[in-house]
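Participant: Sharing a structure here in structure tokens format.
Just so it is clear, none of the values below were taken in a lab; they were calculated from the coordinates. Please read these numbers as outputs of a predicted model, since none were measured by experiment. Neighbour counts are summed over all protein chains in view; Cβ atoms, including those assigned to glycine, are modelled from backbone coordinates with ideal geometry.
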């Protein structure tokens, strides 16, 4: 079964609003990454957060990680129509190089 | 970042034929590559781990005789879908492990397979 569960499954917001997506996972991890995927395209790496980090920023992105709750969140501030995409978290299981992807959140930003 | 390519980007084939998909790391060597499959509106599912010079490791439920993986060099892994059927139609994505402190993986752009 997949490692990560994301919620919400789908999110529709107005341009300029913030979007928050959550990811939960089941076992110990080395790190957690967030990816974006436009429809029918490959993955774009957004941000990596290590298991000993709690928060990370990159431009309009803010990622948090709570290893005690086995959860992470991705916040996109001041969203734009171009942010419309599917967002996935991926976790690297401790002791392995394998990345397991979450179920994904489909974000739609309305202009 | 490092670049991973896939070829072809899309392929349409008849049921019963075999299709080979290539995954190349263009500017780094990768002893380990991964193959994922993604059905429409679903997430990526790890199919197998491709190890240079040794047999691939398949995830539970993935038929190794159906999905042949060859990792003959440090920059190339191939996935061959044998005797393809319409249910094999999917988006196949590879990634290459670049190593380093984060064991970062770089993903290819994907190959869309349609089996008629």
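Participant: Between rounded, prolate and oblate, where does chain A land on the alpha carbon gyration tensor, with a ≥ b ≥ c its root eigenvalues, rounded for a/c under 1.5, else prolate if a/b exceeds b/c?
Facilitator: On the way: a/c = 1.98, a/b = 1.61, b/c = 1.23.
Prolate shape, in that a/c is at least 1.5 and a/b is the bigger ratio.
Participant: Calculate the radius of gyration of the Cα atoms of the protein assembly as shown to one decimal place, then report Dmax, the largest Cα-Cα distance, as a whole number, both in Å.
Facilitator: 17.5, 51
Participant: First check a/c for region B:1-50, with a ≥ b ≥ c the square roots of the eigenvalues of its C-alpha gyration tensor; if it is under 1.5, answer rounded, and if not, answer prolate when a/b is larger than b/c or oblate otherwise.
Facilitator: Numbers: a/c = 1.93, a/b = 1.45, b/c = 1.33.
Prolate, since a/c reaches 1.5 and a/b exceeds b/c.
Participant: Let me know the mean shielding of B:33-39 by other chains, meaning the per-residue number of their Cβ atoms within 10 Å of its Cβ. Write down the numbers at each step before the final one.
Facilitator: Details: counts 0, 3, 0, 3, 0, 6, 0.
Neighbouring Cβ atoms belonging to other protein chains average 2 per residue here.
Participant: Using the beta-carbon distance between residue A:68 and residue A:45 and R0 = 30 Å, what value does 1/(1 + (r/R0)^6) give for FRET efficiency, to the nearest 0.05? Let's see the in-between values first.
Facilitator: Working: r = 26 Å, r/R0 = 0.86.
Here the calculated transfer efficiency is 0.70.
Participant: Also, quick follow-up: Express in whole angstrom the spacing between the alpha-carbon centres of region A:14-39 and region A:45-59.
Facilitator: Cα centres, region A:14-39 to region A:45-59: 11 Å.
Participant: Same structure, new question: Can you compute the modelled spin-label distance between residue B:72 and residue B:52, with each label point 7 Å from Cα toward Cβ, in nm?
Facilitator: Label-label distance for residue B:72 and residue B:52, simple model: 1.5 nm.
Participant: How far apart, in nm, are the 7 Å Cα→Cβ label points at residue A:52 and residue B:59?
Facilitator: So the label points at residue A:52 and residue B:59 sit 2.9 nm apart.
Participant: So, one more: Determine the gain in length on full extension of the stretch residue B:14-residue B:85; use 0.36 nm per residue of separation and subtract their C-alpha separation, reporting nm with one decimal. Before the final figure, lay out each step's value.
Facilitator: Details: separation 71, 0.36 × 71 = 25.56 nm, distance 0.79 nm.
Result for the pair: 24.8 nm of gain on full extension.
Participant: For chain B, what relative contact order do you get, as a whole percent, if you take Cα pairs closer than 8 Å and at least 6 residues apart? Don't skip to the answer; put the middle values down first.
Facilitator: On the way: 295 pairs, mean separation 41.8, N = 116.
Computed over chain B, the figure is 36 percent.
Participant: With N set to the number of residues, divide the alpha-carbon radius of gyration of region A:52-111 by 2.2 N^0.38 Å and report two decimals.
Facilitator: Working: Rg = 13.3 Å, N = 60, 2.2 N^0.38 = 10.4 Å.
Rg over 2.2 N^0.38 Å, computed on Cα atoms: 1.28.
Participant: Kindly list the residues of region B:88-111 that lie in the label zone of residue A:94, defined by a backbone N under 18 Å from the point 7 Å along the Cα-to-C-beta vector.
Facilitator: In region B:88-111, the label zone of residue A:94 (backbone N under 18 Å from the point 7 Å along Cα→Cβ) covers B:102-103.
Participant: Based on alpha-carbon positions alone, could you give the equivalent ellipsoid semi-axes of chain B from the gyration tensor, as √(5λ), descending, whole Å? Numbers along the way, then the final one.
Facilitator: Working: eigenvalues 104, 41, 34 Å².
Three semi-axes, in Å: 23, 14, 13.
Participant: If you don't mind, another one. Evaluate the relative contact order of chain A (contact order divided by residue number), counting alpha-carbon pairs under 8 angstrom at least 6 apart; express in whole percent. Let's see the in-between values first.
Facilitator: Values: 285 pairs, mean separation 43.1, N = 111.
With pairs under 8 Å counted, the relative contact order is 39 percent.
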